[in-house]
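Heads up, the thing below is written out as structure tokens.
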Protein chains: 2
Amino acid sequence: MSSIATAPAAKAQIDPKLIVPAMNSVKAVFETMVKVAVQIERPTIKATPGVSYDVSGIIGLSGDLTGSIVLSFPTASATKLVSAFAGCELDPKSPEFPDAVGELANMIAGGAKKAFGFRANISTPNVVIGAGHKIARLSDVPCVVIPCKTAMGDFAVEINIKQIGVAADANR
Amino acid sequence: MSSIATAPAAKAQIDPKLIVPAMNSVKAVFETMVKVAVQIERPTIKATPGVSYDVSGIIGLSGDLTGSIVLSFPTASATKLVSAFAGCELDPKSPEFPDAVGELANMIAGGAKKAFGFRANISTPNVVIGAGHKIARLSDVPCVVIPCKTAMGDFAVEINIKQIGVAADANR
């Protein structure tokens with residue numbers, strides 16, 4: 001069910017210069033905050049219907065860039081990675097669990113935003129919990145899926161971004 | 001499982017002046033675009049773990065307000081309401097279905113944002129599809145659930161908003 005860059009669902013292309021900062025941010029956040037090395041697999045343009053996840057942290061972007069950055073896990077990966085991040089065992093049913101997922105998504109989006117070189121603002125996260133949910137692809141937003149592997153389990157980062165302004169100062 | 005304003009999960013309060021514009025926007029969008037009357041039930045502060053949904057459109061807000069507006073449906077309501085909005089029968093598996101859910105969420109968030117009187121930007125929507133998913137409550141973001149009833153089925157609007165700036169000019 002994996003998609004490739006030539007999948008028919010891919011009407012719009014995402015600028016590669018948006019992908020590298022996002023991948024760097026994923027690596028930096030997991031390596032410094034979760035203390036786990038991340039092996040980033042080849043990013044793919046998302047096809048419909050996309051991959052199913054159990055836990056997703058969603059951050060909206062607006063400003064010169066509009067869209068979202070989504071951090072999605074199977075439950076087992078989320079439990080291990082988020083517990084390592086929090087420094088204590090977190091049950092997926094505990095109220096701290098979505099807070100920790102949201103905070104990881106927030107750090108990744110914050111790091112990527114800083115490196116994008118656009119005037120973009122990020123929203124506070126939404127965290128979706130539900131076995132086998134999909135983040136649907138909208139037809140007018142290019143979406144790239146970055147699969148990530150770690151010793152504690154796999155996850156994915158989905159970058160749905162549309163540029164609506166011109167490039168601005170870096171580090172805004 | 002419904003929550004009330006005194007539910008223990010409710011650490012933070014949401015400003016009532018943010019709820020009324022959101023409710024007005026929900027009514028206006030459904031009445032003009034879906035051609036269905038909306039009966040708005042009493043808003044409640046969201047408790048953990050919250051209500052389960054099958055289809056959710058999520059819009060991030062940033063600027064003086066940060067958070068999100070989420071439009072969530074059971075599948076049957078979503079199918080009827082979104083088909084009425086699109087003017088043709090939409091299958092929940094079709095690529096047009098998430099586009100239409102996202103556009104409805106976008107119109108509601110856009111209408112609410114305009115009426116809030118804050119400098120806030122909205123992101124393009126994310127649409128989550130998955131039977132029984134929950135939008136987790138984050139501990140530091142006040143969240144109000146607005147249950148809505150229509151002749152085509154029920155749905156809910158969740159307003160997760162934190163004010164981070166001061167009130168600004170209206171209509172920004």
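The residue of the range A:142-155 that is nearest to residue B:93 (Cα to Cα), among those that are touching a strand residue (DSSP E or B) at 6+ places or on another chain (Cβ under 9 Å) and in a loop (DSSP other than H, G, I, E, B), is A:142.
For the subset of the range A:100-124 comprising residues that are at pLDDT below 95 and within 7 Å of chain B (Cβ to nearest Cβ), which member is least open to solvent (accessible area, probe 1.4 Å)? Here the residue is A:123. Checking the stated criteria, residue B:130 turns out not to satisfy the condition of being within 14 Å of chain A (Cβ to nearest Cβ), at pLDDT below 95 and touching a Gly at 6+ places or on another chain (Cβ under 8 Å).
Here residue A:73 fulfils each of the conditions (1) open to solvent by 10 Å² or more (accessible area, probe 1.4 Å); (2) under 14 Å from the mean Cα position of the chain (by Cα) apart from (1). So which residues in the range B:16-39 are modelled with pLDDT of 95 or more and either within 9 Å of chain A (Cβ to nearest Cβ) or in contact with a strand residue (DSSP E or B) (Cβ under 6 Å, 6 or more places away or on another chain) (or both)? Hits for the range B:16-39 are B:26, B:38, B:39. Taking the condition more than 12 Å from chain A (Cβ to nearest Cβ) and open to solvent by less than 10 Å² (accessible area, probe 1.4 Å), does residue B:85 pass? When the stated conditions are applied, residue B:85 does not pass them. Each residue in the range A:46-65 was checked for being at pLDDT below 90, open to solvent by 10 Å² or more (accessible area, probe 1.4 Å) and of a type outside the set (Asp, Glu), and 6 of them qualify.
Condition check for residue A:74 on (1) at pLDDT 90 or above; (2) within 25 Å of residue B:163 (Cα to Cα): one failure, at (2). As for the range A:29-52, it holds at least one residue that is within 30 Å of residue B:93 (Cα to Cα) and touching a Gly at 6+ places or on another chain (Cβ under 7 Å).
Of the numbered criteria (1) open to solvent by 40 Å² or more (accessible area, probe 1.4 Å); (2) more than 29 Å from residue A:84 (Cα to Cα), the one residue A:20 fails is (2).
For the range A:29-43, state whether one or more residues are part of a helix (DSSP H, G or I), within 14 Å of the chain's Cα centre (by Cα) and either farther than 25 Å from residue B:129 by Cα or not small (Gly, Ala, Ser) (or both). Yes, that holds for at least one residue. It is to be established whether one or more residues within the range A:156-163 are open to solvent by less than 20 Å² (accessible area, probe 1.4 Å), modelled with pLDDT of 90 or more and among the acidic types (Asp, Glu). Yes, there is a match, as at least one residue in the range A:156-163 is open to solvent by less than 20 Å² (accessible area, probe 1.4 Å), modelled with pLDDT of 90 or more and among the acidic types (Asp, Glu).
The values are calculated or read from the model by the stated rules, or taken from the named source; none is laboratory data. All values reported here derive from a predicted model rather than from experimental measurement. Don't worry about glycine lacking a Cβ; one is built from the backbone with ideal geometry, like all the others, and counts go over all protein chains shown. All accessible areas refer to the heavy atoms of the entire protein, side chains included, with ligands and DNA or RNA removed. Shrake-Rupley method; radii C 1.70, N 1.55, O 1.52, S 1.80 Å.
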